[in-house]
Amino acid sequence: MFVYVLNNKIVLKSKERIVEMLPQHKEYQVNYTESDRLIFEDGEIKRYEYSKQYHEDQNTYHLNKELQEEKKKNSELELIAKNRIEEDCELKKRSRENDEYQKNFYLLKKLRW
C-alpha cells in the first residue's frame, strides 16, 4: 500500500502508486491494509494503536508518567523516613545510656554523702 504525506499529515492511502501526486507530497510504501488506522509520527508511518498519540489520547502516557514521578517521590520519602527512624533509634539508645549513667552517678553521689 502507498501512503502520501503532506506537512506531517497523511493525505491519501492507495493500493496502487499514483504518479500524478504533487512533488511536495512524500510517498511511503507500507505493509498495512486500507482498513488499518495509520498515523505519521516521528518521520514514519505507524499504526495508530501503536503510536504515542494513541497513548496520549487514551491518557495512558500521562498516567504512566505520573506513576513514575510518584514512584520516585515515594522512594525519596522512604529514604527520608528510614533515616529519621534510624536517627530516632540512635537518640533513644543514647538517652537510655545517659539515663543509666546519670542513675549510677546519682547513686554514687548518694553513697558518698
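A few remarks follow.
- Cβ-Cβ under 8 Å pairs, at least 6 apart or on other chains, the stretch 43-60 side in contact (Cβ under 8 Å) with a residue 24 or more places away in the chain, far side surrounded by 13 or more Cβ atoms within 10 Å (Cβ to Cβ): ILE45/VAL3; ILE45/VAL5; ILE45/ILE10; ILE45/TYR28; ILE45/VAL30; ILE45/TYR32; ILE45/LEU38; ILE45/ILE39
- Residue that is under 30 Å from PHE2 (Cα atoms), surrounded by 10 or more Cβ atoms within 10 Å (Cβ to Cβ) and of a type in the set (Val, Ile, Thr), where the choices are ILE85, ILE45: ILE45
Values quoted throughout were computed directly from the atomic coordinates according to the rules given, and no laboratory measurement underlies them. This one's a predicted model, so the numbers in the text were calculated from it and none came from an experiment. Note that each Cβ is placed from the backbone with ideal geometry, even for glycine, and that neighbours are counted across all protein chains shown.
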